[in-house]
Amino acid sequence: MMFLINPNKFNKAADFLIKPILVLSIILFSLGLLFSFYLSPEDYQQGSTVRIMYVHVPSAWLALLTYAIMTLYSIAALAFRIPFGFIINTAVAPIGGIFTLICIISGSFWGKPMWGTWWVWDARLTSVAILFIIYLVIIFMNLSFENRVVREKVVAIFVLVGSINLPIVKFSVDWWNTLHQPATISKLSKPNIDPSMMIPLIIMTFAFAMIGLVIAILRIKTEIISRKSNLG
Amino acid sequence: MKFLNKIVSFYYREYKLNLSGLQDILTNIIFFFISIFIFIFSIGPDRETISLIGVGILWTLLLLSSTLSLRKFYQDDFENGNLLITHLNGFSFGFIAILKTFSHFLFVQIPFLLSIPIACILLNIVNDKLIYLFISFSIGSLILSCLGSISSSMNLMNQRNFLLGSVIVMIFSIPVIIFSVGIINMEENFNSLINILFGILLIVFAINPWASGLCLKLSLENN
């Protein structure tokens, strides 16, 4: 597992892994699209708009997962002096930001026919919007510092301070009385979703994760190269 | 005793500096009042509406005008080398952050606190609410000072994009705004909300020396 914290080993593992992951992501994504558009039933109330869920839920999960990964790597980088964490922080932040943006936009496309409005000031929606702003600030911080050593540590500290928002996003539907529905799929109980809708959801989640992983591997490799040649 | 003397002389220096730069603090307060006027011009002079949203306006403006003075928080001391000299005198960076936070609270936020009664008259807020407003303001402005310390120490080496510091303060001040405006509008559960606000203050106060101290050390090492 050393390739998770060592840039050289990561490079070797990435060269080995990227083609299978790319092929897997293409297969999974086309399979997921097929399932979510043709092989899954319409909802008896929502009609065809339920298909937005197959984009909305995976991107929301992955936005949270990306931030959690960044938090773990920031702790590793600051506490155990593993510089690979800074590389991850720089490379992965835009991917998480894009996932959050996809989540917000698809959610508001669903909200217009179902709730009657593009946006409500609901706890879940607001905290996800704040997550998006935090991602934007991380990206801008990466762009606006001259000195690389200062920049990467300051970004790591900001990621740690901003991780307060993660439990707020996760538990906002339980703590407050929100319009957004609480979690349907949880680890502790049987999921409240029919298998015919759960299968496309799971496939789309893995497809999104694989696509994100391909982009992340490419970005991390670019970052390693630019650090080796002292460009960034 | 020697340590106490050092702290007293630190605050004496801050007092002298702020006294000579009194026009900066006064400009901040003028900004605060002008913004109230602008708000009232844009909303309209209806007394009912103004008293309904007055507390929210006051909090927003306090936040905006305290972010205006963030640039001076560490920047001057950092550039003329005073931060390093204070550190060489036996203060750790975290302790410097705590001292500077209290200094910011004393010399920048207290003038706002003093000008709140006048703003309340302008915004038609009834006198009964003034005491709640005062308590929530004094806790909330200490939280804002801590957040300002974190964000301005993060941005010491950032020469290009200083507005980022204000954005950072605004992101983390959202819970403060939510709970402190709630205090005014829901007087029956005043105690629970003030406890939550106090809890936020303790969390931020614990994070502040760690984060600001680390950022100060980084900036001084790499300058």
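The values are calculated or read from the model by the stated rules, or taken from the named source; none is laboratory data. Please read these numbers as outputs of a predicted model, since none were measured by experiment. Positions of Cβ are generated from backbone atoms using ideal geometry, with glycine treated the same way; all protein chains shown enter the neighbour counts. Remember, those area values only see protein heavy atoms, side chains included, never the ligands or the DNA or RNA. Shrake-Rupley method; radii C 1.70, N 1.55, O 1.52, S 1.80 Å.
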Quick count over the range B:151-165, residues being in contact (Cβ under 8 Å) with a residue 40 or more places away in the chain, part of a helix (DSSP H, G or I) and either at the interface with another protein chain (Cβ under 8 Å from one of its Cβ atoms) or within 22 Å of A:Ile168 (Cα to Cα) (or both), is 2
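With B:Ser138, B:Ser212 as the choices, which residue is open to solvent by less than 50 Å² (accessible area, probe 1.4 Å), part of a helix (DSSP H, G or I), over 28 Å from A:Asp122 (Cα atoms) and away from chain A (no Cβ under 12 Å)?
Result: B:Ser138 is the single residue among B:Ser138, B:Ser212 that is open to solvent by less than 50 Å² (accessible area, probe 1.4 Å), part of a helix (DSSP H, G or I), over 28 Å from A:Asp122 (Cα atoms) and away from chain A (no Cβ under 12 Å).
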Open to solvent by 30 Å² or more (accessible area, probe 1.4 Å), in contact (Cβ under 8 Å) with a residue 40 or more places away in the chain and at the interface with chain A (Cβ under 10 Å from one of its Cβ atoms): is that true of B:Asn124 in this structure? no
Output for Cβ contacts, cut-off 8 Å, separation at least six or different chains, first residue farther than 12 Å from A:Ala207 by Cα in the range A:42-62, second outside any helix (DSSP H, G or I) and open to solvent by less than 50 Å² (accessible area, probe 1.4 Å), reads A:Thr49/A:Asp43; A:Val50/A:Asp43; A:Arg51/A:Ser40
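Any residue in the range A:187-207 that is assigned to a loop (DSSP other than H, G, I, E, B) and either basic (Lys, Arg) or more than 30 Å from A:Ile52 (Cβ to Cβ) (or both)?
yes
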With the condition kept exactly as written, say whether any residue in the range B:96-103 is open to solvent by 60 Å² or more (accessible area, probe 1.4 Å) and at pLDDT 85 or above. yes
Residue tally, condition open to solvent by 30 Å² or more (accessible area, probe 1.4 Å), free of Cβ contacts under 8 Å to residues at least 12 places away in the same chain and under 15 Å from B:Gln159 (Cβ atoms), over the range A:114-148: 4
State all residues of the range B:38-65 that are open to solvent by 80 Å² or more (accessible area, probe 1.4 Å), farther than 24 Å from B:Val167 by Cα and part of a helix (DSSP H, G or I); if no residue qualifies, say none. B:Phe41, B:Ser42, B:Arg47, B:Glu48, B:Leu52
